[in-house]
Amino acid sequence: MWGARGGSVWTRGRVIAAAAALTAGLLVFHRAVPNSVGRAGSLLESFLPWPGLVVVVLFAAALLRRSATALLALLLPVTAWTYLFGGLFLPEPRAGARDLVVVQHNVSDENTDPAGTARALADAGPDLVALEELVPAALPVYQRTLARRYPYHEVRGTVGLWSRHPLTDARLLDIKPRGITEPWSRGLRAVVSGPHGDIAVYVAHLPSIRVGPGGLASAHRDESARLLGRALAAEELETVILLGDLNGTVDDRGLAPLTSRMNVAERGFALSFPAALPLARIDQVMARSATVRHIRTLSGTGSDHLPVAARITLDRSTRPKRQT
């Protein structure tokens, strides 16, 4: 079979086929990309689903070249992408008796409508609401607006937790990297005493990352993640929920101290940042001795992040509620 441009459908398009194989390799073996120069591995993993768009471009090129070889090679990245991310598109499981709904939101320290933001989050009907970037001027507005539905709340520094169920044993969580010298308080740990037992809930806001000429600047974020990971490892309660703006995706190896210890969402893409054109989910919900069944974004607020809502199913081994 020979085409008008010379060569057969099997010999044309070798460059396209090679690009397809390279794309598949990056998807499957992203952990092999080194972090030694510009943290290239973490940078790739921060946007790991997006190489799927390369497949679309390569498919169009393969059709133009009328290359059977290229079309067959495209099965490699398609299969790899489907294996990694296809399950996230499955429908949300049916709600169960041991489910807990949580909302996580970086409300932004420049949010001009904290009352509207609080109402929007409460309207999603969660059991827990975790907020970051709470500034002193806006905090009373969140407290007042959320009080009716969430009578229990704890705030430490710029992070807070609101709950339908009693909160106890709340304390500041020290996840401040050594290189940050200014006042910085972005971690909270509290115990939620719910109908199915006590749950340790962590709310965290890890340092921001930046992409520049030298690559990905994430040293502070990575150090803070290690500190948070140690706290989670030392947690004595069996069931743990982590809510926060972690400034990283669950594929980013910089969050390995957390993702190696916690379950991440089984279903749902929920790209949350930036709100105007979401490219990645850096607002996370993770759990231990529980399963994050589904995660989704909510409508935009006055923040540069979109809120995320998740449904968590508690394991039946959760310890019974403490007797008082």
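The values are calculated or read from the model by the stated rules, or taken from the named source; none is laboratory data. Just so you know, these numbers come straight off a predicted model, no measurement behind them. As a convention, Cβ positions derive from the backbone with ideal geometry for all residues, glycine included, and neighbour counts pool all protein chains shown. What goes into the accessible areas is simple: the full protein's heavy atoms, side chains included, and nothing from ligands, DNA or RNA. Shrake-Rupley method; radii C 1.70, N 1.55, O 1.52, S 1.80 Å.
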Review point. Wholly within the stretch 1-76, which helices (runs of 4 or more DSSP H) include no fewer than the required count, namely at least 3 residues that are closer than 30 Å to Val211 by Cα and among the hydrophobic types (A, V, I, L, M, F, W, C)?
Key: 14-28, 40-46, 52-65
Revision key, fill the gap. With criteria (1) without any contact (Cβ under 8 Å) to a residue 12 or more places away in the chain; (2) over 30 Å from Ala130 (Cα atoms); (3) within 25 Å of the chain's Cα centre (by Cα), His30 comes up short on (1)
Check your understanding: Restricting the search to the stretch 232-266, which residues are farther than 19 Å from Leu44 by Cα, part of a loop (DSSP other than H, G, I, E, B), of a type in the set (D, E, K, R) and within 12 Å of the chain's Cα centre (by Cα)?
Key -> Glu266
Exercise for review: Answer yes or no: is there a residue in the stretch 148-164 that is open to solvent by 40 Å² or more (accessible area, probe 1.4 Å) and aliphatic (A, V, I, L, M).
Suggested key: no
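So in the stretch 299-314, with the set limited to residues that are closer than 26 Å to Pro195 by Cα and within 12 Å of the chain's Cα centre (by Cα), which one is surrounded by the fewest Cβ atoms within 10 Å (Cβ to Cβ)? Even if it seems obvious, please write down each step before you answer.
Filtering the stretch 299-314 for residues closer than 26 Å to Pro195 by Cα gives 307-314.
With within 12 Å of the chain's Cα centre (by Cα) added as a condition, the list becomes 307-310.
Details: Pro307: 28, Val308: 28, Ala309: 22, Ala310: 28.
If we take residues in the stretch 299-314 being closer than 26 Å to Pro195 by Cα and within 12 Å of the chain's Cα centre (by Cα), then Ala309 is surrounded by the fewest Cβ atoms within 10 Å (Cβ to Cβ).
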Check your understanding: Tally time: how many residues in the stretch 89-116 are at pLDDT 95 or above, out of contact with any Gly (no Cβ under 6 Å at 6 or more places or on another chain) and open to solvent by 60 Å² or more (accessible area, probe 1.4 Å)?
Key -> 2
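Given the condition in contact with an Asp or Glu (Cβ under 6 Å, 6 or more places away or on another chain) and not basic (Lys, Arg), answer yes or no: does some residue in the stretch 22-35 qualify? Give the derivation first.
Narrowing the stretch 22-35 to residues in contact with an Asp or Glu (Cβ under 6 Å, 6 or more places away or on another chain): 30.
When the remaining residues are screened for being not basic (Lys, Arg), the result is 30.
Yes; the residues of the stretch 22-35 include at least one that is in contact with an Asp or Glu (Cβ under 6 Å, 6 or more places away or on another chain) and not basic (Lys, Arg).
Would you check if Pro49 is in contact with a helix residue (DSSP H, G or I) (Cβ under 8 Å, 6 or more places away or on another chain) and crowded, with 17+ Cβ neighbours inside 10 Å?
yes
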Review point. How many residues does the stretch 67-81 contain that are surrounded by 20 or more Cβ atoms within 10 Å (Cβ to Cβ) and over 10 Å from Arg14 (Cα atoms)?
Key: 4
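Before we move on, is Arg156 over 21 Å from Gln284 (Cβ atoms) and charged (D, E, K, R)? It would help to see each step written out before you state the result.
Values: over 21 Å from Gln284 (Cβ atoms): no; charged (D, E, K, R): yes.
So Arg156 does not fit the description; no.
Just for the stretch 175-223: of the residues that are small (Gly, Ala, Ser) and in a loop (DSSP other than H, G, I, E, B), which one is least open to solvent (accessible area, probe 1.4 Å)?
Restricting attention to the stretch 175-223, the residues satisfying the condition of being small (Gly, Ala, Ser) are 179, 185, 187, 190, 193-194, 197, 200, 204, 208, 212, 214-215, 217-219.
Next, only the ones that are in a loop (DSSP other than H, G, I, E, B) stay: 179, 185, 208, 214, 218.
On the way: Gly179: 51, Ser185: 37, Ser208: 58, Gly214: 68, Ser218: 2 Å².
Going through the qualifying residues, I end up with Ser218.
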Point to revise | Residue check, Leu227 open to solvent by less than 40 Å² (accessible area, probe 1.4 Å) and either touching a residue at least 24 places away in the same chain (Cβ under 8 Å) or among the polar types (S, T, N, Q) (or both) | key: no
Check your understanding: Just wondering, is there one or more residues in the stretch 275-298 that are in contact (Cβ under 8 Å) with a residue 12 or more places away in the chain, on the phi > 0 side of the Ramachandran plot, part of a loop (DSSP other than H, G, I, E, B) and over 11 Å from the mean Cα position of the chain (by Cα)?
Key -> yes
